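The values are calculated or read from the model by the stated rules, or taken from the named source; none is laboratory data. What you are looking at is a predicted structure, and each value in this text was computed from that prediction instead of being measured. Note: ideal-geometry Cβ built from the backbone for every residue, glycine included; neighbour counts use all protein chains shown.
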Amino acid sequence: MLLESSFDVPASPEQAWDLLMDVPRVIPCMPGTTFTETVGDSAWKARLEIKLGPVSLAFATDVEREEADREAMRAILTATAREVRGRGGGRARIESTLTPSGGGTRVVVRTDLRLTGTVAQTRAGLVEAVSARLVQSFADCLEAQLAAAPAEAEAAVAAQARPVRGFSFALRALLAKLAGKFRRPSGSTAP
């Protein structure tokens, strides 16, 4: 499944690049994810926790930086996750590109996501809706790290540490998606 998203951060491309290259600092910005270990210059480990109603899933995740081109402001990470009790997993290839945008930076993220086991049984539309919410939470955390005082940045990261609650997260994501379908385009007038 291919997912694409973008968001703006209030920092120069160079500042945003420096943060995105600091993978141990960025990993905790993903909701439900905890950084666990540095394996090498371009390899890390993390733990991802998701709750789907009464079912709790914990994933041991290996993250590897495959490419980092500062001149082109383009990086590729891969993440391979295994559910610790053997109920499935996933693999993601994440390409991030940074471009100047106004006084800040536009971050475009393209993810090729492949799921197996319990997680793969989730409908594609639901995965896309939840992914959009995850990316928004991730972007908010990155923005806090780039723009906020150190205490506020720490609070933003701490807020992401809770396990992702799949059903409530999915419900909010679907409601936002539905609300978007019923919004009038800007500049439209009522009949």
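For the range 67-93, the set of residues classified as touching a Leu at 6+ places or on another chain (Cβ under 7 Å), part of a strand (DSSP E or B) and modelled with pLDDT of 90 or more consists of A75, A81, E83, listed by residue number. I'm checking my understanding of the structure. Among residues of the range 111-121 that are within 24 Å of P28 (Cα to Cα) and either surrounded by fewer than 16 Cβ atoms within 10 Å (Cβ to Cβ) or among the basic types (K, R) (or both), which one is modelled with the highest pLDDT? The residue in question is D112.
Kindly provide the set of residues from the range 1-39 that are under 19 Å from T99 (Cβ atoms), in contact with a strand residue (DSSP E or B) (Cβ under 8 Å, 6 or more places away or on another chain) and of a type in the set (D, E), ordered by number. Result: E4, D8.
Conditions (1) surrounded by fewer than 17 Cβ atoms within 10 Å (Cβ to Cβ); (2) in contact with a Pro (Cβ under 8 Å, 6 or more places away or on another chain); (3) closer than 20 Å to L142 by Cβ, marked per residue:
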residue: M1; (1), (2), (3): yes, no, no
residue: D22; (1), (2), (3): yes, no, yes
residue: D41; (1), (2), (3): yes, no, no
residue: F59; (1), (2), (3): no, no, no
residue: V63; (1), (2), (3): no, no, yes
residue: A68; (1), (2), (3): yes, no, yes
residue: E71; (1), (2), (3): yes, no, no
residue: A75; (1), (2), (3): no, no, yes
residue: G90; (1), (2), (3): no, no, no
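When P28 is tested against the conditions (1) closer than 30 Å to Q121 by Cα; (2) part of a strand (DSSP E or B); (3) in contact (Cβ under 8 Å) with a residue 24 or more places away in the chain, the lone failure is (2).
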